[in-house]
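Report on the following structure.
The values are calculated or read from the model by the stated rules, or taken from the named source; none is laboratory data. Treat the numbers as computed from the prediction; the structure is a model and nothing was measured. Cβ sites come from the backbone with ideal geometry, for glycine too, and all protein chains shown count toward neighbours.
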């Protein structure tokens, strides 16, 4: 079980690098969606054998939300805004990749120093979660287009979700659904805002939002 | 209470802010409450004519509202025996004082004075918040009461000293005081100076009595008292604005009070020798005295302002003729504040003197400090006398310097009555000082269990008798002089140095009168003088204007404030609206925090 778990987590971390290194928004959204699907499958593996209907339900909902509904919303926002590429990032793609790699290594180092339960020590869950959160931050800081930033936010959220898996037995299902619903609604609203930004500034460059400050 | 009845305390059944409302009235509270009620009553009567609806339709009602709120707040502060409610009362009175100071909001000067007051007052309140919160944290409850045995509480005294010192206007903390007193309506100035400053003193008295004092507290109080006294009067001498001058005299008198209290605290550490009780009695009595004569003087200044419309002394003059009552009462207040017999100012200063000189005769380490203090007190008295000679001379004597001063009119009976009431108080304490000794001994007992003999020292009886004799003689001499002036004196012009057409402007001005003394203190006053000297034998134009700045405010507080503002401007560069950078700050903060957590967890 643990090997498959680590494999999936490793793949998700690998998708980070794809997300950091690409300038094409379509690819970025796909990477985030794939990451969502991979992580959505994890609860099934964590539960040793006993198939709980709650767990299945969470898995289906997560996979559907992160893998299909949210990417669809983002694709639509991209189409209405009529852009396909991130052209002027704050942090270049090569630098982002290097930073992402550094963040992943840092995540492994940090995880070794954290006081963890013995059953979590061998797994990639904790370093993976930290790596995802840091990658999310790098995307949020380094990109200027609103859609790329949303993707950064989603990766960040994936990291938090991965942390949450550590507590899957302690967290009531209601909370899980609450988080999922929040994210979906958040993306929905961002989709609308993206459209508005596009209409107001003729661009999705969030740097132009500084024109709004006092 | 002051006549010897036991203390009164009341605890409510309901909760206010999580603790029951606790009121405590002991001799210390009662002592200050008497002053509050006297001055507030006089001020209320005075305000009826001074700030009526007919001339101030917009501000008179709100003035009455805040006046009463302020009195209520001060009453609550004086009786609260719970830190939380003390702070509530404190804030109520501080804020309503702000609204009272800035009643005439149309005038930018008034607004500036109000803001300065509010800022300074809140610095003090902040210190008091810290004080009461740490007190409550260390004792476990908001309840206040004697806790001298708890030695760990001693350092808290410095916080209290900062908070109450700002309110009392101790010298380097007095920055708000002159402009607030000068720009408030006069009855408000009287309440501010006569009572509000004393609430600061009350806090010091209360908490130096209830809490253990750190070693050296008495010396600091006495030292700052001396500084305030001398520099307060020095600054007063440099002023041309009548009310600003009076405000600086408040700084001086607060200094005298602190001198008494400070040396009493020093004495308390040495098992309170006799000289300590004298200094304490003097300091406490000066609280009443200053409250009485300073309110009287502010009322007098208000009457002058009301009659002439200006506070600038160089535009007044010759008012004795038009306003004999005000002039006489103001002069009586001046005599009292200068510490001249036979009025009350002399009594309290005499008590402090005798305490200090007795201590000086012991020839120990205290004596070395006490004798210079006595000298400084004497210097203060002399300078105050010079200052009030200047005020009375320039404002009431001579010839009117401007048209409004010529058309001045006497104030109404309401205002006169209020002044007469306070003047009667001054005279009463001056002539029968021994009557008040028992009151003082009870206050001292409730302050810090100081055992003062309930019988006044014999010298005080002698002093009272001398004062009565002096007063009688003085009255007789006055009546005689008036009779003499009316009947036997031939009137003619003053010798005019050969210049036969003197005008009213050729009189000593406030600035020229105090010129020499101002030069002595130029190192701290830093007066600015603009003059155009006459150059030829037949000069056409010459000019001289002097101005004394608010040295502490302009040379200390403002530069520091500007530095802080510049730093703040630089820091505001971090807030530019770029989301990416904000997230970056967030990220850095989280990383630093988690690194700190991990590192500290490992070690």
Looking only at region A:136-167, count how many residues are more than 10 Å from every other protein chain (Cβ to nearest Cβ) and under 17 Å from residue A:22 (Cα atoms). 7
Any idea which of (1) on the phi > 0 side of the Ramachandran plot; (2) in contact (Cβ under 8 Å) with a residue 40 or more places away in the chain is the one residue B:498 doesn't satisfy? (2)
Do we find a residue being in a helix (DSSP H, G or I), free of Cβ contacts under 8 Å to residues at least 24 places away in the same chain and either crowded, with 17+ Cβ neighbours inside 10 Å or out of contact with any helix residue (DSSP H, G or I) (no Cβ under 9 Å at 6 or more places or on another chain) (or both) anywhere in region B:383-399? no
Flagged in region A:81-100 as modelled with pLDDT of 80 or more and in contact with a helix residue (DSSP H, G or I) (Cβ under 7 Å, 6 or more places away or on another chain), in numbering order, are A:89, A:90, A:91, A:93, A:96, A:97, A:99, A:100
Top-ranked residue of region A:121-135 - restricted to ones that are over 22 Å from residue B:584 (Cα atoms) and in contact with a helix residue (DSSP H, G or I) (Cβ under 8 Å, 6 or more places away or on another chain), ranked as nearest to the other protein chains (Cβ to nearest Cβ): A:126
Based on what the data block shows, is residue B:440 farther than 23 Å from residue B:326 by Cα, touching a residue at least 12 places away in the same chain (Cβ under 8 Å) and assigned to a helix (DSSP H, G or I)? yes
Can you find even one residue in region B:534-544 that is away from chain A (no Cβ under 14 Å), surrounded by 12 or more Cβ atoms within 10 Å (Cβ to Cβ) and in a strand (DSSP E or B)? yes
Find the residue count for region B:582-598, including only residues that are more than 19 Å from residue A:149 (Cβ to Cβ), at the interface with another protein chain (Cβ under 8 Å from one of its Cβ atoms) and either exposed (fewer than 11 other Cβ atoms within 10 Å of the Cβ) or in contact with a helix residue (DSSP H, G or I) (Cβ under 6 Å, 6 or more places away or on another chain) (or both). 1
Which ranges mark the helices (runs of 4 or more DSSP H) fully within region B:229-323 that have 2 or more residues being under 19 Å from residue B:551 (Cβ atoms)? B:242-269
Please state which of the following conditions residue B:164 fails to meet, knowing it meets all the rest: (1) in contact with a strand residue (DSSP E or B) (Cβ under 7 Å, 6 or more places away or on another chain); (2) buried (at least 22 other Cβ atoms within 10 Å of the Cβ). (1)
Scope region B:124-154; condition outside any helix (DSSP H, G or I) and free of Cβ contacts under 8 Å to residues at least 24 places away in the same chain; matching residues: B:140
Can you spot a residue in region B:556-576 that is in contact with a helix residue (DSSP H, G or I) (Cβ under 6 Å, 6 or more places away or on another chain), assigned to a helix (DSSP H, G or I) and modelled with pLDDT under 85? no
Does residue B:561 satisfy the condition of being without any contact (Cβ under 8 Å) to a residue 24 or more places away in the chain and within 20 Å of residue B:119 (Cα to Cα)? yes
Complete set of residues in region A:85-119 that are in a helix (DSSP H, G or I), more than 14 Å from chain B (Cβ to nearest Cβ) and loosely packed, with under 13 Cβ neighbours inside 10 Å: A:94, A:105, A:118, A:119
Return the only residue of B:504, B:471, B:477 being more than 32 Å from the chain's Cα centre (by Cα), farther than 30 Å from residue B:552 by Cα and touching a residue at least 60 places away in the same chain (Cβ under 8 Å). B:504
So which pairs qualify, if the first residue must be in region B:564-581 and at the interface with chain A (Cβ under 7 Å from one of its Cβ atoms) and free of Cβ contacts under 8 Å to residues at least 12 places away in the same chain, the second must be outside any helix (DSSP H, G or I) and surrounded by 10 or more Cβ atoms within 10 Å (Cβ to Cβ), the Cβ gap must be under 6 Å, and the two must be at least 6 apart or on different chains? B:580/A:90
